[in-house]
Amino acid sequence: MLTPGSVAPPFSLTNQGGQTIDLTGLRGSRVLVFFYPKANTPGCTQQACGLRDVASQVEGTVILGISPDKPAAQLKFDQKYQLGFDLLADTEHTVAEAYGVWAEKKNYGKTYMGIVRSAFLIGPDGIIEQAWYKISPADTPKKLLEAVAG
């Protein structure tokens, strides 16, 4: 697991518009990277919309959502809820693995591999300031506001 003080694993992924977003290209800005299981599901919608609603209060912080969804699904999600930030496609879950959020999950007696909802606040220097594993959808925007204000 990554902890505050760890170097954020670099990544380069495609966003909902087909553009490549590279974490190292965002140095100099604070970046919130949040991992969510699937676009357009209730919890993920609550989390993404909550972040959309606080984005103006955390100006200067880049918000990036990452899930295993393909860019087309990310685009529909963004358009439906007017999220206004990059949603990145980690279809091979390599970035999720690097951040320690690709794990075995259980649901209705079924075991499978998937995203553990988590968020990371990365400082302008590329160092993790906060790491929230197993964060709830409602807590993601709250924790971001607290961390940026603190």
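The values are calculated or read from the model by the stated rules, or taken from the named source; none is laboratory data. Just so we're clear, the structure is a prediction, and the values are computed from it rather than from any experiment. Counting neighbours? That spans all protein chains shown, and the Cβs are built from the backbone with ideal geometry, glycine included.
A few comments on the model shown:
- For the residues 58, 62, the requirement of being in contact (Cβ under 8 Å) with a residue 60 or more places away in the chain and not acidic (Asp, Glu) singles out 58.
- Some residue of the range 8-16 being in contact (Cβ under 8 Å) with a residue 60 or more places away in the chain, under 16 Å from residue 148 (Cα atoms) and assigned to a loop (DSSP other than H, G, I, E, B): no
- Taking the range 53-66 as the range and being assigned to a helix (DSSP H, G or I) and hydroxyl-bearing (Ser, Thr, Tyr) as the test, only 56 passes.
- Applying the condition of being assigned to a loop (DSSP other than H, G, I, E, B) and not basic (Lys, Arg) to the range 106-119 and asking which residue is nearest to residue 24 (Cα to Cα) yields 116.
- Note on the range 19-52: among residues that are part of a helix (DSSP H, G or I) and small (Gly, Ala, Ser), the one that is surrounded by the most Cβ atoms within 10 Å (Cβ to Cβ) is 48.
- Counted residues, the range 120-150 - those being outside any loop (DSSP other than H, G, I, E, B), among the charged types (D, E, K, R), free of Cβ contacts under 8 Å to residues at least 60 places away in the same chain and touching a strand residue (DSSP E or B) at 6+ places or on another chain (Cβ under 7 Å): 1
- Filter pass, residue 69 being out of contact with any Asp or Glu (no Cβ under 6 Å at 6 or more places or on another chain), part of a loop (DSSP other than H, G, I, E, B) and surrounded by 14 or more Cβ atoms within 10 Å (Cβ to Cβ): yes
- Qualifying residue in the range 77-96 (condition: surrounded by 14 or more Cβ atoms within 10 Å (Cβ to Cβ), within 23 Å of residue 6 (Cβ to Cβ), of a type in the set (S, T, N, Q) and modelled with pLDDT of 95 or more): no
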